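To start, the structure itself, in structure tokens.
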């Protein structure tokens, strides 16, 4: 039986309402900080959006379209009655900043407690990703996005966290602003800084040309995401290297 849920979040962004709107209500903007690929086909109430990730697509209908103040959409209802809806309210603040409020609600499935925990944490993480994007890459569109998932699930959070720290090149005592050095086999090392973290579940590193996030999420899934803004990066090589890192690292842990 589906279970109803509602999550409310808000975040202060170093960007104008128009910049926030561009980031949350256009396909290229969303692709630069969220996950997968988003298409907004019709820019009006009743219009359609599609988010595609890992070969799966989710359609939604726009329920509010008032640029640059409010954008809302409701996902199509599944066969089991589940759906998710997002409502963004954009409010200008002093010194060119913007307060973004999010109401995320809908219906979750039978394992709703685990789903709710994952969604609740994920909402906060993705708003922080949006904050990083607008503070450092506003007006730029990601030319490469990666969503690499380990084939292994690992319950031991400390083991996963230590693997994240090793790949990011950060010490045990890590905070936002700590210097980082992304280094794995088959890609050149890249210097960066910790943008934000929520040990032991997620760690975000910003470089000059992109943003990484390492996540230990729902049902012990292990994910590395990257949004890159450098056209010279070999995207295929980068994707392959991170997938190999995930498979090798967590195969060894689970062995």
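Values in this text are rule-based calculations from the coordinates and carry no lab data. Owing to the predicted nature of the structure, the values given are computational and were not obtained by experimental measurement. Positions of Cβ are backbone-derived with ideal geometry, glycine not excepted, and every protein chain shown enters the neighbour counts.
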Item to check | Estimated distance in nm for a label pair at residue 235 and residue 12, the labels positioned 7 Å out from Cα along Cα-to-Cβ | outcome: 3.6 nm
Checklist outcome for this item: The residues 4, 9, sorted from fewest to most surrounding Cβ atoms within 10 Å, come out as 4, 9
Next on the checklist: Which order do the peptides 105-115, 126-136 come out in when sorted by mean C-beta neighbours inside 10 angstrom, highest first?
Outcome noted: 126-136, 105-115
Next on the checklist: Between the stretch 1-71 and the stretch 218-255, what is the separation of their alpha carbon centroids in Å?
Outcome noted: 25 Å
Checklist outcome for this item: Share (percent) of C-alpha pair distances in the stretch 130-252 greater than 18 Å works out to 48 percent
Item to check | Difference of contour (0.36 nm per residue) and Cα-Cα distance, residue 41 to residue 219 | outcome: 60.8 nm
Next on the checklist: How long are the semi-axes of the equivalent ellipsoid of the stretch 3-136, defined as square roots of 5 times the Cα gyration tensor eigenvalues? Whole Å, largest first.
Outcome noted: 24, 17, 14
Checklist entry - Roughly how many Å is it from the Cα centre of the stretch 185-208 to that of the stretch 89-133, as a whole number? => result 21 Å
Item to check | Calculated FRET value between residue 48 and residue 123, using beta carbons and R₀ = 30 Å, to 0.05 | outcome: 0.85
